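Reviewing the structure listed below.
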Amino acid sequence: MARPAVLNTLSLAISSGLNFVSLLLWVRLLPPAEFGQYTLITTTALLVNAILFEWARIVGARTLYSPTSATRIDPDRADALFTIVATFILMLALAVTALFLSGRTIFGLAPHWLWVLLLFLVSEVALTMLNVVSRARGEAWHTFGVIVTRSALSLAIGLALVVGYDQGLAGVLLGLVIGQAIATIGGIATDDVWRRLRLRVSDAGEHRIMGDMLKLGAPLMLSSGLSYGVGVLDRYQVEHILGTSSVAYYAAPADLLQKTLGFAMLAVNITMYPAMVRAYEDEGPDRARTLLEGNAILYMAMCLPVVVAATVLAGPVSHVLLGAALADRSAPLLPLVTAAALLRLLTIYHFQVAFQLTRHMRLLMIAPALAIATFVLLGPLALHRYGLIGIACVSLLAQGSGYVVSAWLARRVFGIRLASRDAAKVLVASGAMAAALIPFAGVTGVVMTLVALATGGVVYAGAILLLRLDQVRTIKAKFART
C-alpha cells in the first residue's frame, strides 16, 4: 500500500496536470470574450466557495476525526457540519433564484449563467468535503479516485462538447459540471460515512455542536474570503472598466502561472504541514521553524526558475501556452503576473503557516486586507491610464506589500530568518539560468522555445547540484519519514 502522502501528492499532480491541459485547450478553443466569461464564472464560484464554505473544510479537517468511531469520523460532528453546509447551500439557491428573477447582471454575468455557477459551486463543495472525510480516515485511494475522476471527466466531456458539437462556452461549463457531478455521486456512493449523514434541525445537542463549529469557523470565513478575493479582485476591475474580452488577456497568463506555481507549493504543503504541526507540538518551535524555513527554500528552488523563464522568454512562452489569439497582448503581462503570483503564494504557504503554527489567526487577515486596499485605491486609476499593464503593476505592488508586511510579522512572532546561505544559492542558480536563456529571448516556434527551456533547466539543475542546498536535504529526509 502506497503511503498516503505519496498518493495525495500523486492525485494532486495528475489533477493539476489535467486542469493545466484543460486551460491550454480552452484558451485556444474559445474566443476571448467567451474565455473571459468562463474565467468570471469559475472565479465567482470559487470566491463564494472561499467565503461561505472554505471554513467548513478547515473545521472538518480539524474536528471530524474520531479514533473511537467505527468509521473514524465522529457521527454527531459530521451531521452538524452537514446540516450547516446544506443550510448555506439552500440560502445560496434562494439568493440565485432572486437574482435570476430580477434579471440583473452580476459581475458581468447574465442571469442564466447563475444557475451554472450554483451547480458548479455545489459540486465543488461536495468534492471538497468528500476529500476532507477521506483524508481524515486515511483513505488515500478514495481521495485519489475522486480527484482524478473529476479532472479527467471534466476535460473529456468538455472537449467532446466543444469540438464534436460546437458548444463553445456552454460545452466547457457543462463538461465541468457533469464531470464534477459524476465524481461526487461516485464518491458518495463508495463512502459509507456519507450514507449515514442526517440533517439535524431539532436536536438540542446537535445545535450546541453546530454553534461550536460556527464559532470556530467565523474568523476563517473572513480570512478565507480576503485571501482568495485578493487574488481575483483585479479580474472584476478589468471586466468593469475594459470589458469581458480583456479579462481573457489578463487572466489566461495569470491562471496558467497560478496553477504551475500553486501546484508546486501545495504538493510540498500537503505533506509538510502535518509534519510541522507535530514538530511544533512534540519538539518545540525551533524544530518547526527549521522545517518551515526549509519549505521556503524548496518553494524558491521550484518556483524561481518559472519566474526567470516567464521574464526572459515572455514572448515565446506566451505563444506556446496561450496561442496566437492571446499571446501578443498577454506576453508583456507575463513577468508581472508571475512575480505577483509567487509573492502571493509565498505569503500563503510560508508566512501564514507561521501564524497558524503559533495560533496568531488574526494576522492571517492583514496581508490580504492590505492588498485589497491597494487594488481598491490604485486599480481603477491604473486601468484607466495604462490598461492591463497598469493593473498588472498594481497586482505586483499589492502582493509585494502583503509579502513584506507578512515577513516582518512572521519574524516578530516566530523568528523566521528571511535570508540564508541556501537562499543565496538559489538566487545564484537562477541568475545562471537567466544568463543561459538571454540568447534565446527572440526565438519563435514551439521547438525552439522548448529547446530554450530545456537549456535553461539543465543549467539551473546543474547549478543547484553544484551548490548543494542544506535545507533541501533536511526536508527530503523528513518527507521520507512522513
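Okay, here's what the table says:
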read-out: Global geometry of the range 77-233, whether rounded, prolate or oblate, following the gyration tensor of its Cα atoms and the 1.5 cut on a/c; value: oblate
read-out: Span per principal axis, largest first, for the Cα atoms of the chain (Å); value: 69, 58, 45
read-out: Spin-label model distance (nm) - residue 201 vs residue 110, 7 Å beyond Cα toward Cβ; value: 3.6
read-out: Sequence ranges 169-181, 446-458, ranked by mean other-Cβ count within 10 angstrom, highest first; value: 169-181, 446-458
read-out: Given charges at Cβ of Lys, Arg, Asp, Glu: the chain dipole, positive-most of 277, 93, 24; value: 277
read-out: Selection from 353, 63, 73 lying farthest towards where the dipole of the chain points positive, charges on Cβ; value: 353
read-out: Difference of contour (0.36 nm per residue) and Cα-Cα distance, residue 356 to residue 241; value: 37.7 nm
read-out: Cα-centred dipole magnitude for the chain, charges only on beta-carbon of K, R (+1) and D, E (-1), debye, nearest 20; value: 1000
read-out: Global geometry of the range 205-295, whether rounded, prolate or oblate, following the gyration tensor of its Cα atoms and the 1.5 cut on a/c; value: oblate
read-out: Peptides ranked, highest mean first, by Cβ atoms within 10 Å: ranges 85-94, 254-263; value: 254-263, 85-94
read-out: Expected 222 nm ellipticity per residue - DSSP helices of 4 or more, -39500 (n - 2.57), all of the chain, to 500; value: -28500 deg cm²/dmol
read-out: Inter-part distance where the range 401-472 and the range 130-172 are each reduced to a Cα centre, Å; value: 33
read-out: Residues residue 467 and residue 418, FRET efficiency given R0 of 22 Å [Cβ-Cβ distance, rounded to 0.05]; value: 0.70
read-out: Around residue 246: net Lys/Arg minus Asp/Glu count, Cβ-Cβ under 13 Å; value: 0
read-out: Cα gyration tensor, the range 1-143 - rounded (a/c under 1.5), prolate or oblate; value: oblate
read-out: Kyte-Doolittle at least 0.0, axis length at least 20 Å by Cα - qualifying DSSP helices, the chain; value: 4-29, 32-52, 75-102, 113-137, 140-159, 168-189, 204-242, 244-282, 285-312, 366-414, 421-437, 446-467
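Every number here is computed from the coordinates shown, using simple stated rules; none is lab data. If you're wondering where the values come from, they're calculated on a predicted model, not measured in any experiment. Backbone-built Cβ (ideal geometry, glycine too); neighbour counts: all protein chains shown.
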